[in-house]
């Protein structure tokens, strides 16, 4: 199998607070994990790519100081949205792959609402 | 030009019919092609992937790839109401493993 979990599935927070989202590969070792964001009625937009033990590579326009990514082990990556604002409200989805050019398997997503 | 283009739909087909979903891409260096299904409010679920020109069948699903025309399609035979969802075409380009998604086609299977 290739199961990826995310926690939490829903989070509501006040503007200015930080939120951490966890992404875990449950039954395989994920060399590479990806973080996406999806706004309503839009497609998935890649935010960043993280390789275990390395710094994440961010896509153009994504603030690395705002969206902190850590991939400390082969089964866990975290995304921290720092000083969240209402415009950060979105559906955040991670994916994991066993290696370079391997198929990506998606987590169930985390819906963030910033009030 | 968008990197991956899909007709947004909705594509409406009667139950039992064949649904045909199409996707074009702009990067000739693309090597891997994926179809994901996304139900409303849920994350994408991998349906099929295809790397080589031609057809690839898996149950009721057939993916077709034509690299010369930069075209990939997904056929769903014997469509069921449970197939109603948004279908996302995704392509990896060049030397990276990044997935570039199309905007998706909304499929509605009418009982």
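Bear in mind these aren't lab numbers, they're just calculated from the coordinates by the rules spelled out. No experiment lies behind these values; they were computed from the predicted model shown. Backbone-built Cβ (ideal geometry, glycine too); neighbour counts: all protein chains shown.
Condition first: touching a residue at least 24 places away in the same chain (Cβ under 8 Å) and either more than 27 Å from residue A:26 (Cβ to Cβ) or buried (at least 22 other Cβ atoms within 10 Å of the Cβ) (or both). Now tell me which residues in segment A:57-80 satisfy that. Can you show your working first?
In the first step, residues of segment A:57-80 are kept if they are touching a residue at least 24 places away in the same chain (Cβ under 8 Å); the result is A:67, A:69, A:71, A:74-80.
Within segment A:57-80, A:69, A:71, A:77, A:79 meet the criteria.
Suppose we filter segment B:31-46 for residues that are under 14 Å from residue B:63 (Cβ atoms) and in contact (Cβ under 8 Å) with a residue 40 or more places away in the chain; how many remain? First the steps, then the outcome.
Step one: of segment B:31-46, the residues under 14 Å from residue B:63 (Cβ atoms) are B:32-37, B:46.
Filter once more, keeping what is in contact (Cβ under 8 Å) with a residue 40 or more places away in the chain: B:32-37.
So the answer is 6.
Here's a check for you: in segment A:82-113, which residue that is within 28 Å of residue A:15 (Cα to Cα) and out of contact with any strand residue (DSSP E or B) (no Cβ under 7 Å at 6 or more places or on another chain) is farthest from the other protein chains (Cβ to nearest Cβ)?
The extreme case among them is A:83.
Given (1) surrounded by 18 or more Cβ atoms within 10 Å (Cβ to Cβ); (2) within 14 Å of another protein chain (Cβ to nearest Cβ); (3) assigned to a strand (DSSP E or B), where does residue B:46 come up short, assuming only one miss?
Only one criterion in (1) surrounded by 18 or more Cβ atoms within 10 Å (Cβ to Cβ); (2) within 14 Å of another protein chain (Cβ to nearest Cβ); (3) assigned to a strand (DSSP E or B) is unmet by residue B:46, namely (1).
For residue B:75, indicate whether it is away from chain A (no Cβ under 11 Å) and within 10 Å of the chain's Cα centre (by Cα). Even if it seems obvious, please write down each step before you answer.
Numbers: away from chain A (no Cβ under 11 Å): yes; within 10 Å of the chain's Cα centre (by Cα): yes.
Here the answer is yes, as residue B:75 does meet what is asked.
Please go through segment B:23-43 and pick out each residue that is more than 12 Å from chain A (Cβ to nearest Cβ) and surrounded by fewer than 18 Cβ atoms within 10 Å (Cβ to Cβ).
The answer is B:26, B:27, B:28, B:29.
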